[in-house]
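One structure is given below, encoded as structure tokens.
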Amino acid sequence: MARIEDYAMVGDLHTAALISTEGSIDWLCLPQFDSPACFSALLDTPEAGRWLLAPAGGGECTRRKYRKNTLILETEWETPEGKAKVIDFMSPRDGAADIVRIVVGIRGSVRMRGQLALRFDYGNIIPWVRHDEHGIHAIAGPDAAYLVTDAPLRGEHLQTVSDFTVKAGQRIPFVLTWSPSHLGRPRKVDPEAVLEATESFWLQWADRCRITGPYREPVLRSLITLKALTFAPTGGIVAAVTTSLPEELGGERNWDYRYCWLRDATLTLQALLASGYSEEAGAWRDWLLRAVAGDPADLQIMYGLHGERRLPELTLDWLAGYEKSTPVRVGNAAAGQLQLDVWGEVLDGLALTRSALLQHPDESWDVQVALMEHLETAWDQPDNGLWEMRGPRRHFTHSKVMAWVAADRMVKGVRDFHLPGPADRWEDLRDRIHADVMANGFDAERNTFVQSYGRPELDASLLLIPRVGFLPPDDPRVIGTIEAIQRELTHDGFVLRYRVEQSDDGVAGGEGVFLACSFWLVEALLGAGRRREGEELFKRLLALRNDVGLLSEEWGVEEARQLGNTPQAFSHFALVRTALQLEPEKADLGSSPLRPH
């Protein structure tokens with residue numbers, strides 16, 4: 001089975017496919033990110049669905065890359081007989097969903113083999129396949145797929161197989177189109193014209209990036225990745241394109257990340273705005289306002305792509321799991337948890353857009369006031385915390401800090417923007433929360449903040465205390481927390497979220513180091529004036545990206561492998577923000593909360 005870092009992504013701003021170094025599309029959900037997968041080999045075997053297109057001799061590619069500043073993947077193989085490449089892409093969607101693969105002969109002649117095994121409903125349904133003058137037509141219930149190619153096709157063991165030879169100068173396209181089965185055959189696609197249009201789209205989008213300096217390349221690749229994780233119809237951004245990639249190989253910490261977390265809001269907005277993407281930031285802000293509309297007491301930590309609230313968690317017992325890591329989950333029960341920090345993150349995100357997007361401030365103020373009024377009555381309750389712990393609720397320090405952020409941003413809305421509201425009352429609440437955190441969330445003997453009140457454990461979220469403005473970055477208590485985390489909460493210099501063996505989080509097993517947390521450490525070190533140390537760690541983190549610049553959620557130090565769902569938006573948000581802090585003339589990014597899982 002391919003390693004997590006062996007996968008590259010192509011997408012159409014509605015969904016995305018993962019393609020291995022062997023030329024196999026092992027994961028694709030259609031028609032959108034959270035739909036059932038039609039290729040599920042990632043979580044089982046090839047029998048669960050995949051689309052292989054590679055030299056007949058098989059094996060990993062010689063090299064691969066994205067075309068500069070695009071999401072068009074080029075994978076090359078060199079064989080004794082010649083050299084060939086496959087160009088993979090999905091065009092930004094305008095109607096039906098297309099995935100295009102063009103086999104190109106570069107030198108000599110190369111025998112190629114295609115194996116298409118469509119398996120709808122996460123590998124559970126084998127479609128009825130018919131051949132026609134264009135290629136094949138597969139149908140099962142609501143799903144229909146059409147493969148169009150001039151290459152020879154035949155049926156073999158419930159797969160569609162294609163054996164052919166590509167010679168130097170030849171280009172042999174394959175176009176797979178999904179459409180609702182009741183609509184019939186969709187319009188025909190000109191693969192070369194669509195390739196040109198797709199390249200033009202991404203180049204124009206990348207040209208809007210205003211980041212310069214030594215880290216422009218990884219920043220732009222991360223921004224392109226984040227754009228690809230955007231669901232264009234609503235502006236929502238999914239946490240990752242996958243479900244159930246394990247945080248521990250063979251373990252049960254396997255979650256579905258194909259949804260939109262409110263905790264991403266401010267970090268997303270900061271990364272996009274600082275990089276020049278105000279249109280995307282505005283779309284995300286609008287999604288946020290629609291999602292949180294309603295009773296403030298019903299605020300969730302995550303929503304569906306359209307703002308759906310019900311995300312029931314199920315297990316797919318017919319799938320063996322990535323490297324036998326079970327269960328395979330769809331949906332996410334954490335949507336029903338109480339995580340008080342989310343109110344702070346939403347209010348912080350909306351405050352950020354007030355001036356940055358030049359929008360009339362009253363547009364969201366009534367929503368903010370309602371959210372704040374509810375938080376006034378709930379901030380002192382125990383909750384599940386930002387890491388979505390499934391154990392008993394506690395008074396998490398980070399949750400209280402983010403309640404402070406909420407009150408602080410609302411006070412500033414009244415004082416700085418002259419909006420209506422009880423500023424004196426919120427100011428008093430802000431001061432009371434600050435005192436509460438200092439009295440209960442700080443261990444004076446060890447000179448460090450702690451994960452939750454009355455307990456000694458550390459937590460990576462404590463690194464965000466200076467970022468949100470709770471204390472200055474050079475405060476001795478912040479410095480003490482940084483040093484305690486470096487001493488007690490790192491593995492090979494990278495940061496753990498928390499030590500699972502010490503925290504009753506309700507799930508068995510362990511996990512890798514959390515990549516975003518290590519980026520937070522870089523920021524904290526920069527704030528503390530330890531630039532050389534911070535930049536060294538940043539460069540180590542960049543080296544963990546795969547060959548096409550993608551990061552998953554975690555890194556397994558012992559295995560030297562990426563772990564968790566991929567590509568992980570939170571890792572790429574953190575990379576962008578940290579790189580901007582390292583710029584000679586860094587942008588003012590304000591505060592920014594986080595997002596776990």
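Every number in this text was worked out from the coordinates using simple rules, so none of it is lab data. Bear in mind that the values here come from a model prediction, so they are computed numbers and not experimental data. Note: ideal-geometry Cβ built from the backbone for every residue, glycine included; neighbour counts use all protein chains shown.
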Relative contact order of region 487-535, pairs being alpha-carbon contacts under 8 Å that are 6 or more residues apart, as %: 30
Relative contact order (percent, whole number), region 208-581, Cα cutoff 8 Å, 6+ residue spacing: 19
Rounded to 10°, Cα long-axis angle of helix 397-417 versus longest principal axis of the chain: 80
Loop-located GluC sites (Glu not before Pro) in region 59-127, at most 15 other Cβ atoms within 10 Å (DSSP): Glu60, Glu81
Loop-resident sites, region 487-529, for GluC sites (Glu not before Pro), counting at most 11 other Cβ within 10 Å (DSSP): Glu501
Mean shadow area of region 390-526, taken as a quarter of the surface of its Cα convex hull (nm²): 9.2
Length released on extending from Asp94 to Asp190, taking residue separation times 0.36 nm less the Cα-Cα span: 33.2 nm
Those residues of region 331-349 whose amide nitrogen sits under 19 Å from the label point placed on Arg432, 7 Å along Cα→Cβ: 340-341, 343-344
Computed E for Leu158/Ser109 - FRET, C-beta separation, R0 30 angstrom, nearest 0.05: 0.50
With Cα atoms, 0 to 90° folded angle of helix 362-378 axis to the chain main axis: 60
Extension reserve of the Glu483-Trp128 stretch, reckoned as 0.36 nm per residue once the Cα distance is removed: 121.7 nm
Distance in nm between pseudo-label sites at Glu279 and His491 (7 Å out along the Cβ direction from Cα): 4.2
Angle in degrees between helix 515-527 and the longest Cα principal axis of the chain, rounded to the nearest 10: 40
Equivalent ellipsoid semi-axes, the chain, via Cα gyration tensor eigenvalues times 5, rooted, Å: 43, 24, 23
Lysines with Cα under 30 Å of Lys83, excluding same-chain neighbours fewer than 8 positions away: Lys65, Lys68, Lys167, Lys188
Percent of alpha-carbon pairs separated by more than 17 Å within region 174-248: 67
Distance between modelled label sites at Lys324 and Thr45, nm, 7 Å Cα→Cβ extension: 1.4
